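Below you'll find the structure, written out as structure tokens, and then a few comments.
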Amino acid sequence: MANNQPSLFDIDTPEKRNKSLFYALRTNNAGVLQLAHLTEQLREKHRLTGIPLRPEHLHVSLCHLGDHAERPEAFIAMARRAGEAMHMPPFEFLFDEVLSYSGQAANELPFALQASTASIEFKAFQIQLAAEMVKAGLKAWARPTSRPHLTLLYDAKNIASEPVAPLRVVAHELVLVISYLGETRYEIVESWPLTA
């Protein structure tokens with residue numbers, strides 16, 4: 001019987017693996033406007049010069065499915081099966097912190113919103129997604145993030161964690177994304193609206 005599992009040994013050298021596959025959650029247009037307004041306020045407050053992320057790039061990362069040299073069709077097929085099985089209504093994130101994360105380059109530190117605690121709904125979504133990933137053959141990659149964060153821009157300044165006025169942003173859509181590393185380009189491979 002043919003083995004459709006992606007091989008852990010079928011990899012290229014790290015410098016060639018420039019296609020990063022991951023699940024993420026996105027908000028709607030109202031959420032994007034909220035985030036754009038807050039980003040400008042924070043840029044002015046901290047005198048940041050980094051360009052805000054494009055609206056279509058704003059997301060909360062969930063699970064990373066590896067960096068690949070070629071378009072990872074086997075992974076995509078399994079990830080689609082897991083995504084199609086997800087059934088949850090939209091839910092809120094409550095972001096109440098902002099900070100810089102360590103980045104690959106000193107002048108490209110991710111500046112992000114973060115929730116100090118993960119909501120019950122977010123945890124439930126992660127548990128369900130991990131379970132569906134295991135069923136689809138992606139057990140090794142079912143490692144969800146601990147606390148939700150949303151990158152707003154990249155900048156050379158390293159901003160220590162600080163509180164912000166709580167911002168409620170609704171997750172409306174689960175997406176499967178390929179990020180082309182070094183190209184500032186995202187491809188939405190598949191999307192699934194959150195519905196009751």
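Within segment 39-83, can you find the residues that are farther than 19 Å from L150 by Cα and not in a helix (DSSP H, G or I)?
If we filter segment 39-83 for residues that are farther than 19 Å from L150 by Cα, which is where we start, we get 47, 66-83.
Result: R47, G66, D67, H68, A69, E70, R71, P72.
If you go through segment 104-121, how many residues are buried (at least 16 other Cβ atoms within 10 Å of the Cβ) and either touching a residue at least 40 places away in the same chain (Cβ under 8 Å) or of a type in the set (S, T, N, Q) (or both)? Spell out the reasoning first.
If we filter segment 104-121 for residues that are buried (at least 16 other Cβ atoms within 10 Å of the Cβ), which is where we start, we get 109-115, 118.
Still in the list and also either touching a residue at least 40 places away in the same chain (Cβ under 8 Å) or of a type in the set (S, T, N, Q) (or both): 109-114.
Total meeting the criteria: 6.
Report whether or not M88 is surrounded by 15 or more Cβ atoms within 10 Å (Cβ to Cβ), at pLDDT below 95, under 22 Å from T195 (Cβ atoms) and in contact with a helix residue (DSSP H, G or I) (Cβ under 9 Å, 6 or more places away or on another chain).
Details: surrounded by 15 or more Cβ atoms within 10 Å (Cβ to Cβ): yes; at pLDDT below 95: yes; under 22 Å from T195 (Cβ atoms): yes; in contact with a helix residue (DSSP H, G or I) (Cβ under 9 Å, 6 or more places away or on another chain): yes.
For M88, the condition - surrounded by 15 or more Cβ atoms within 10 Å (Cβ to Cβ), at pLDDT below 95, under 22 Å from T195 (Cβ atoms) and in contact with a helix residue (DSSP H, G or I) (Cβ under 9 Å, 6 or more places away or on another chain) - is met.
Does segment 142-167 hold any residues that are surrounded by 14 or more Cβ atoms within 10 Å (Cβ to Cβ), of a type outside the set (A, V, I, L, M) and over 14 Å from the mean Cα position of the chain (by Cα), and which are they?
To start, the set of residues in segment 142-167 that are surrounded by 14 or more Cβ atoms within 10 Å (Cβ to Cβ) comprises 142, 144-145, 148-156, 159, 164, 167.
From what is left, the residues that are of a type outside the set (A, V, I, L, M) are 144-145, 148-149, 151, 154-155.
Passing the criteria: Y154, D155.
Exactly one condition in (1) under 16 Å from the mean Cα position of the chain (by Cα); (2) crowded, with 16+ Cβ neighbours inside 10 Å is false for P55; which is it?
Tallying (1) under 16 Å from the mean Cα position of the chain (by Cα); (2) crowded, with 16+ Cβ neighbours inside 10 Å, P55 fails exactly one: (2).
Run down R80, R26 and say which single residue is closer than 22 Å to A130 by Cα, surrounded by fewer than 18 Cβ atoms within 10 Å (Cβ to Cβ), modelled with pLDDT of 95 or more and within 18 Å of the chain's Cα centre (by Cα). Even if it seems obvious, please write down each step before you answer.
Numbers: R26 fails: surrounded by fewer than 18 Cβ atoms within 10 Å (Cβ to Cβ).
Every option except R80 fails the conditions.
So which of L42, L8, L62 is at pLDDT below 95 and over 16 Å from the mean Cα position of the chain (by Cα)?
On the way: L42 fails: at pLDDT below 95; L62 fails: over 16 Å from the mean Cα position of the chain (by Cα).
The unique qualifying residue is L8.
Can you spot a residue in segment 175-195 that is more than 14 Å from the chain's Cα centre (by Cα), over 28 Å from I51 (Cβ atoms), not in a strand (DSSP E or B) and not aliphatic (A, V, I, L, M)?
Yes, there is a match, as at least one residue in segment 175-195 is more than 14 Å from the chain's Cα centre (by Cα), over 28 Å from I51 (Cβ atoms), not in a strand (DSSP E or B) and not aliphatic (A, V, I, L, M).
For a quick check of your reading of the model, give me the residue pairs whose first member lies in segment 126-149 and is in a helix (DSSP H, G or I) and acidic (D, E), whose second is surrounded by 15 or more Cβ atoms within 10 Å (Cβ to Cβ) and at pLDDT 90 or above, with beta-carbon atoms closer than 6 Å and at least 6 apart or on different chains.
E132/A82; E132/A85
Counting only residues that are assigned to a helix (DSSP H, G or I) and small (G, A, S), which one in segment 19-38 is nearest to L99 (Cα to Cα)? Please lay out each step first, then the result.
Pass one, segment 19-38, residues assigned to a helix (DSSP H, G or I): 29-38.
Those still in the list that are small (G, A, S) too: 30-31, 36.
Details: A30: 23, G31: 20, A36: 16 Å.
The extreme case among them is A36.
Looking at (1) surrounded by fewer than 19 Cβ atoms within 10 Å (Cβ to Cβ); (2) touching a residue at least 60 places away in the same chain (Cβ under 8 Å); (3) aromatic (F, W, Y), which is the only condition Y101 fails?
(2)
The values are calculated or read from the model by the stated rules, or taken from the named source; none is laboratory data. Computed from a prediction, not measured in an experiment: that's the story for all the values here. Ideal geometry is used to build each Cβ from the backbone, glycine not excepted, and the neighbour counts take in all protein chains shown.
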